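The values are calculated or read from the model by the stated rules, or taken from the named source; none is laboratory data. Computed from a predicted structure; not experimentally measured. Heads up, the Cβs are rebuilt from the backbone with ideal geometry, glycines too, and the neighbour counts pull from every protein chain shown.
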């Protein structure tokens with residue numbers, strides 16, 4: 001489990017999160033799940049390729065900490 005707090009200084013036009021790792025994940029922002037995928041990304045041979053997922057998180061972020 002990873003948690004990182006940061007500040008959004010002003011209203012955003014667009015925000016994306018690109019996530020990769022060795023294993024499956026579900027991604028949450030401010031307690032709300034981003035995307036509709038469960039246990040992403042797809043299974044692969046991690047010696048050859050590591051997949052990543054890019055999610056639109058604009059609506060999940062709010063101004064401030």
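Six or more apart or on different chains, Cβ atoms under 9 Å: show the pairs whose first residue is in region 12-38 and at negative phi and touching a residue at least 40 places away in the same chain (Cβ under 8 Å) and whose second is in a loop (DSSP other than H, G, I, E, B) and surrounded by 11 or more Cβ atoms within 10 Å (Cβ to Cβ). Listed by first residue and then by second, the contacts come to 12/61; 15/57; 15/61; 16/57; 17/27; 17/34; 17/57. Can you say whether residue 44 is in contact with a strand residue (DSSP E or B) (Cβ under 9 Å, 6 or more places away or on another chain) and modelled with pLDDT under 85, as far as the supplied structure shows? It is false that residue 44 is in contact with a strand residue (DSSP E or B) (Cβ under 9 Å, 6 or more places away or on another chain) and modelled with pLDDT under 85. Tally up the residues in region 1-25 that are surrounded by 10 or more Cβ atoms within 10 Å (Cβ to Cβ), modelled with pLDDT of 80 or more and in a loop (DSSP other than H, G, I, E, B), please. Within region 1-25, residues that are surrounded by 10 or more Cβ atoms within 10 Å (Cβ to Cβ), modelled with pLDDT of 80 or more and in a loop (DSSP other than H, G, I, E, B) number 2. Residues in region 46-62 that are surrounded by 15 or more Cβ atoms within 10 Å (Cβ to Cβ) and either over 10 Å from the mean Cα position of the chain (by Cα) or in a loop (DSSP other than H, G, I, E, B) (or both): 57, 60, 61.
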